[in-house]
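Visitor: Could you have a look at this structure, given as structure tokens, before my questions?
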Amino acid sequence: MKVLNRLALAISLSCLSQVPLAAQAGEVEVLHWWTSGGEARAVDTLKQLMQKQGHTWKDFAVAGGAGEAAMTVLKTRAVSGNPPSAAQLKGPDIQEWADMGFLTDLNGIAEAGKWNDILPERIADTMKHDGDYVAVPAGVHRINWLWINPEAFQKAGAKVPTTLDEFFAAADKLKAAGIVPIAHGGQNWQDTTIFESLVMAIMGPEAFDKVFVETDENTIRSDKMVEVFKTLKRIRGYVDPDFAGRDWNLATAMVINGKAGMQIMGDWAKAEFTAAGKTPGKDYLCVVMPGTQGSFIYNIDSLAMFKLKDEANKKAQNDLARTVIDKPFQEVFNLNKGSIPARNDIDMAKFDDCAKQSMQDFQAANKEGKAEPSLAHSMANTSYIQGAIFDVVTNFFNDPNADPKKATEQLVASIKAAQ
Ligand code: GAL
């Protein structure tokens, strides 16, 4: 009898502990484009945290750096009335989706979690639509980085550059040593990642804002912009012949294995070095893009939450939002992703020197008005303006006879037509 009682108690207790889980467990379908080795490791941390809470993770990964393909697929799904629970949406795109009424508000969760206190204002504002939280930030990437293979530099007798002149001097040395100077993938967003870093280096943060956020005609139609295109053309001369269509992570692999000396890329590239077991400062160097020291081109990764009908899935979606903002996720995701936490109260002790510098520079740039949103990564303007700029930059990059002055005029015209 006693034994039976104990057994009954044990069974009912174990049922009890499972009841809340089973009753509340739902499914989260998350759209993202984190498919490279490093990115996949990072997103896996979220999947595991959600599964630990009893929820089912439905991965909705659409390959393609910077997410152009993912956005196309998202539109099809949403229009057919079947959006995912969450999607990696950024900057002005968040506003567009919220304007169309697709996003659910997270104010209750945000209030309970004191999001207004733990997020820098700039990040909080990006997550809000008409004052309501509709997205949750995962981390902050910096675009204006230069990744260097120090062994290749040593072989070539090249010096780590701090100015654009030194950058080209290093490129010449690498070229002479038979090493590809600049690893690059010819895709519109990658071309524009270099272009916007050059705008920052040559024109500075104030003009960067005028060009990409305000699309101010006079700032775009300027001698400085002509110089930006001239410099882009020069960079084109240091890229290997097989660059067309190459994915960004394959370009990073060229720096990892010493085939190439440098890559201009956001710090998701660091996730590839991390996944390959490389140590910063030893196996590779992260150097602020020459000429952009003190400035910070930022790219906030965030998940926007779509309106759902199913109660269990709504609960799972709320848990997803809470999990993303929680300290454990902010730490482990960003350690794997190469970015820095979005929250301002995360202990950076476990992070490497690149991340520590990124955090310091982001905070300083924020104070000094030198933090600017990335155009290439959908933070600065609408997808229409972004597309218009992509077209001009990529056509220019691929045409050996392209003229920097004409490209500047085309930029003005193309932006006007997209407005
Ligand atoms: C960015 C995104 C990053 C990274 C990168 C390459 O737009 O914000 O998280 O994934 O694309 O795919």
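The values are calculated or read from the model by the stated rules, or taken from the named source; none is laboratory data. All values derive from a computational prediction rather than experimental measurement. Ideal geometry is used to build each Cβ from the backbone, glycine not excepted, and the neighbour counts take in all protein chains shown. What goes into the accessible areas is simple: the full protein's heavy atoms, side chains included, and nothing from ligands, DNA or RNA. Shrake-Rupley method; radii C 1.70, N 1.55, O 1.52, S 1.80 Å.
Visitor: Relative to the longest principal axis of the chain, what angle (0 to 90°, nearest 10) does the C-alpha long axis of helix 223-236 take?
Guide: Helix 223-236 and the main axis of the chain meet at about 80 degrees.
Visitor: Cα centroids of the range 184-260 and the range 363-381: how far apart, whole angstrom?
Guide: Result: 16 Å between the Cα centres.
Visitor: Rounding to the nearest 10 and keeping the result within 0 to 90°, find how far the Cα-based axis of helix 164-176 lies from the longest principal axis of the chain.
Guide: 80 degrees
Visitor: Taking the highest mean first, how do the peptides 140-148, 79-87, 329-337 order by number of other beta carbon atoms within 10 angstrom per residue?
Guide: Top to bottom by mean Cβ count within 10 Å: 140-148, 329-337, 79-87.
Visitor: Note down the relative contact order for the chain as a percent, whole number, built from C-alpha pairs under 8 angstrom at least six residues apart.
Guide: Worked out over the chain, it gives 27 percent.
Visitor: Same structure, new question: Using the Karplus equation 6.51 cos²θ - 1.76 cosθ + 1.60 (θ = phi - 60°), what ³J(HN,Hα) coupling, rounded to whole Hz, does each residue of the range 41-51 give in order, writing x for Gly and Pro?
Guide: Values, residue by residue: 4, 5, 5, 4, 5, 6, 4, 5, 5, 6, 5 Hz.
Visitor: With respect to the cross-link table entries 307/327; 128/210; 159/282, which display a Cα-Cα separation exceeding 20 Å?
Guide: Values: 307/327 26 Å; 128/210 23 Å; 159/282 15 Å.
Beyond 20 Å between Cα atoms: 307/327; 128/210.
Visitor: Report, please, the projected area of the chain averaged over directions, based on the convex hull of its C-alpha atoms, in nm².
Guide: On the way: hull surface 91.5 nm².
Over all viewing directions, the chain projects a mean Cα-hull area of 22.9 nm².
Visitor: Quick one: of the DSSP bridges fully inside the chain, what percent are antiparallel, nearest 5? Could you put the intermediate results ahead of the total?
Guide: Details: 21 of 37 bridges.
Rounded to the nearest five, the antiparallel share is 55 percent.
Visitor: Once you list every other residue whose beta carbon is under 12 Å from the beta carbon of residue 351, what net charge do they have if Lys and Arg are +1 and Asp and Glu are -1?
Guide: Values: positive: 270, 337, 350, 356; negative: 267, 331, 347, 352, 353.
Neighbourhood net charge equals -1.
Visitor: Of all the accessible heavy-atom surface of the range 125-277, with the other protein chains kept in place and a 1.4 Å probe, what percent is carbon and sulfur? All intermediate terms of the calculation are to be shown ahead of the outcome.
Guide: Details: 2500 of 5350 Å².
Here carbon and sulfur together make up 47 percent of the probe-accessible area.
Visitor: If we count every other residue with Cβ under 12 angstrom of residue 184's Cβ, Lys/Arg +1 and Asp/Glu -1, where does the sum land? Write down the numbers at each step before the final one.
Guide: Values: positive: 236, 246; negative: 191, 240, 242, 247.
Residues close to residue 184 contribute a combined charge of -2.
Visitor: Note down the magnitude of the dipole of the chain about its Cα centre, charges +1 on Lys and Arg C-beta and -1 on Asp and Glu C-beta and zero elsewhere, to the nearest 20 debye. Please list the in-between numbers first.
Guide: Values: 44 positive and 52 negative charges, 225 e Å.
Approximately 1080 debye in magnitude.
Visitor: Once the Cβ-Cβ distance between residue 223 and residue 56 is put in as r, and R0 is 56 Å, what FRET efficiency do you end up with, to the nearest 0.05? Could the numbers behind the result be given before it?
Guide: Numbers: r = 57 Å, r/R0 = 1.02.
The calculated FRET efficiency here is 0.45.
Visitor: For the range 229-378, what does the accessible surface come to per residue with a 1.4 Å probe? Please give it in Å². Working shown, then result.
Guide: Details: 5520 Å² over 150 residues.
Computed with neighbouring chains in place, this is 37 Å² per residue.
Visitor: Which of the peptides 221-229, 397-405 is most tightly packed, and how do the rest follow, judged by the mean count of other Cβ atoms within 10 Å per residue? Could the numbers behind the result be given before it?
Guide: Values: 221-229: 18.1, 397-405: 13.7.
Per-residue mean Cβ counts within 10 Å order the peptides as 221-229, 397-405.
Visitor: OK, next. Keeping every protein chain present and rolling a 1.4 Å probe, give me the accessible area per residue for the range 43-192 in Å². Don't skip to the end; give the middle numbers.
Guide: Values: 6110 Å² over 150 residues.
Per-residue accessible area for the range 43-192 comes out at 41 Å².
Visitor: Pop out the ³J(HN,Hα) list for the range 208-221 in order, Karplus 6.51 cos²θ - 1.76 cosθ + 1.60 with θ = phi - 60°, rounded to Hz; leave Gly and Pro as x.
Guide: With coefficients 6.51, -1.76 and 1.60, one gets 3, 4, 5, 6, 8, 8, 8, 6, 6, 4, 5, 6, 6, 7 Hz.
Visitor: Say each of residue 353 and residue 257 gets a label point 7 Å from the Cα, pointing the same way as Cα to Cβ; how far apart are those two points in nm?
Guide: Each label point is offset 7 Å from its Cα along the Cβ direction, giving 2.7 nm.
Visitor: Of all accessible surface on the range 302-370 at a 1.4 Å probe, what whole percent is carbon and sulfur?
Guide: The C+S portion of the solvent-accessible surface of the range 302-370 is 47 percent.
Visitor: Still on this structure: Want the number for residue 312 to residue 327: 0.36 nm per residue separation, take away the alpha-carbon distance, what's left?
Guide: Working: separation 15, 0.36 × 15 = 5.40 nm, distance 2.45 nm.
In short, 3.0 nm is gained.
Visitor: Quick check: the distance between the Cα centres of the range 282-324 and the range 345-362, to the nearest angstrom?
Guide: Value for the Cα centre distance between the two parts: 16 Å.
Visitor: Order 246, 236 by their accessible area, 1.4 angstrom probe, all chains in place, largest first. Display every interim value, and only then the final one.
Guide: On the way: 246 30, 236 80 Å².
In descending accessible area the options line up as 236, 246.
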